[in-house]
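Participant: I am attaching a structure below and will ask some questions about it afterwards.
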Amino acid sequence: MLFRTAPATRGDVLDERALGRRTNGELDVLFRASPAGDIPRGRLRGTALLFPGTGLCGPLGRLTRLLLWQGKTTDDPPAALANLVGPFGLRAVRALLSHDRSWVDGRACILIDYSATSTVARMVRDEIRLVAPGLYLGVVWLWRRRVGWFTLRQR
């Protein structure tokens, strides 16, 4: 049985690969239709969704994970997290976790807030929502402009 919070537009099972095949508009519809869910715990495998809906998304996501960003890891209890950066997954760029209102639609989301914890990323705001069991879709804001998508997979 498939778990979906919004109708699939292309008949896809909701996983990272299927999300990468969706367009920006389709990801927006899915994000708006999804619940915030619980704050994720532990090591979260990340996938950058660069140029979603194109053939570049999958290869660029794999290259990003290999060289730049592997995901995030939460503290216990999960009130803060760190990004796993570089090929060795070093813990860097800390953020605070909470439930808040999304800048997308004003509904509940999980906020990843860098404004009080990071000098280099204080202008970044990530919002995530649960789109399938253990799978979160995230939107990246930079200086209050929506600039990208990513996923986080809870093991």
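Participant: For the range 7-84, what is the charge dipole size about the Cα centre, in debye to the nearest 20, if Lys and Arg each add +1 at the Cβ and Asp and Glu each add -1 at the Cβ?
Facilitator: Using only the charged Cβ atoms, the result is roughly 240 debye.
Participant: A further question on this structure: Please report, in whole Å, how far the alpha carbons of the range 51-113 spread along each principal axis, starting with the longest.
Facilitator: 33, 29, 14
Participant: Return THR74, THR54, THR117, THR151 ranked ascending by Cβ neighbour count within 10 Å, so the fewest neighbours appear first. Walk me through the intermediate numbers first.
Facilitator: Working: THR74 20, THR54 12, THR117 15, THR151 25.
Fewest-to-most ranking of THR74, THR54, THR117, THR151: THR54, THR117, THR74, THR151.
Participant: Continuing with the same structure: Can you compute log10 of I(q)/I(0) for the range 14-101 with the Debye formula, treating each Cα as one identical point scatterer, at q = 0.16, 0.17, 0.21 Å⁻¹?
Facilitator: Taking Cα atoms of the range 14-101 as identical point scatterers yields -0.75, -0.84, -1.11.
Participant: Next up: Please get the size of the charge dipole for the chain, origin at its Cα centre, with Cβ charges of +1 on Lys and Arg and -1 on Asp and Glu, quoted in debye to the nearest 20.
Facilitator: So the dipole magnitude of the chain works out to roughly 240 debye.
Participant: Can you give me the C-alpha center-to-center distance between the range 106-144 and the range 47-87, rounded to a whole angstrom?
Facilitator: 13
Participant: For the range 16-154, with the dipole built from +1 on Lys and Arg beta-carbon atoms and -1 on Asp and Glu ones, taken about the Cα centre, which of GLY138, LEU63, LEU81 lies farthest toward the positive end?
Facilitator: Of GLY138, LEU63, LEU81, it is LEU63.
Just so you know, all these numbers are worked out from the coordinates, no wet-lab data involved. Here the structure is a predicted model, which means the values were calculated and not measured. With ideal geometry, Cβ positions are generated from the backbone for all residues, glycine too; neighbour counts draw on all protein chains shown.
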